[in-house]
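J.: First, the structure itself, so that you have it in front of you.
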Amino acid sequence: ALAAIGQARPGARVAATEPVAHYLLTHADVQDVTPPAFVDAVEQESDPPPAAVAAVNQLVDTHQIAALVFNPQTETALTTQVRERATAATLPVVEVTETLPANTDYLTWLNTTRTALARALGAPA
């Protein structure tokens, strides 16, 4: 089911506020074009370099990505700003969490996330 996303949308590109979705994106054959300096800094709970922030903003503002992958569990003022920027640019935002939501099993959680990614990229859900 994940591979069907990449087959339907070859070359699809996304940016992510942090790497929690790495394996999901890899198996869906979706390219994460987020600058490594941005992701690394967010993951280390530090401020990304201004050049990395500018690069992410450019990806969003110029629609060089099809969607933003956002982890609400690591939300910061900066990642919220990126999410708001994506929403303003009418880019889909796909929420991917690190932990299972309450009363949800692993397969349901994974399938819900996969479906959200597929819909955001215009692939069959």
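The values are calculated or read from the model by the stated rules, or taken from the named source; none is laboratory data. Owing to the predicted nature of the structure, the values given are computational and were not obtained by experimental measurement. All Cβ positions, glycine included, derive from the backbone under ideal geometry; neighbour counts span all protein chains shown. Just the protein is used for accessible areas: all its heavy atoms, side chains included, with ligands, DNA and RNA removed. Shrake-Rupley method; radii C 1.70, N 1.55, O 1.52, S 1.80 Å.
J.: Return the residues of segment 1-56 that are under 17 Å from residue 77 (Cα atoms), open to solvent by 20 Å² or more (accessible area, probe 1.4 Å), modelled with pLDDT of 95 or more and not in a helix (DSSP H, G or I); say none if nothing qualifies.
T.: Within segment 1-56, 49 is the sole residue that qualifies.
J.: Select from segment 82-111 the residues that are under 15 Å from the mean Cα position of the chain (by Cα) and exposed (fewer than 15 other Cβ atoms within 10 Å of the Cβ) and write down the one among them that is modelled with the lowest pLDDT.
T.: 98
J.: Separate question: Does any residue in segment 90-101 that is without any contact (Cβ under 8 Å) to a residue 60 or more places away in the chain come within less than 6 Å, Cβ to Cβ, of a residue that is of a type in the set (Asp, Glu) six or more places away or on a different chain, and which pairs are these?
T.: Matching pairs, first to second residue: none at all.
J.: Would you call residue 65 modelled with pLDDT of 95 or more and in a loop (DSSP other than H, G, I, E, B)?
T.: yes
J.: Across segment 57-81, what is the total count of residues that are under 22 Å from residue 99 (Cα atoms) and open to solvent by less than 10 Å² (accessible area, probe 1.4 Å)?
T.: So the count comes out to 6.
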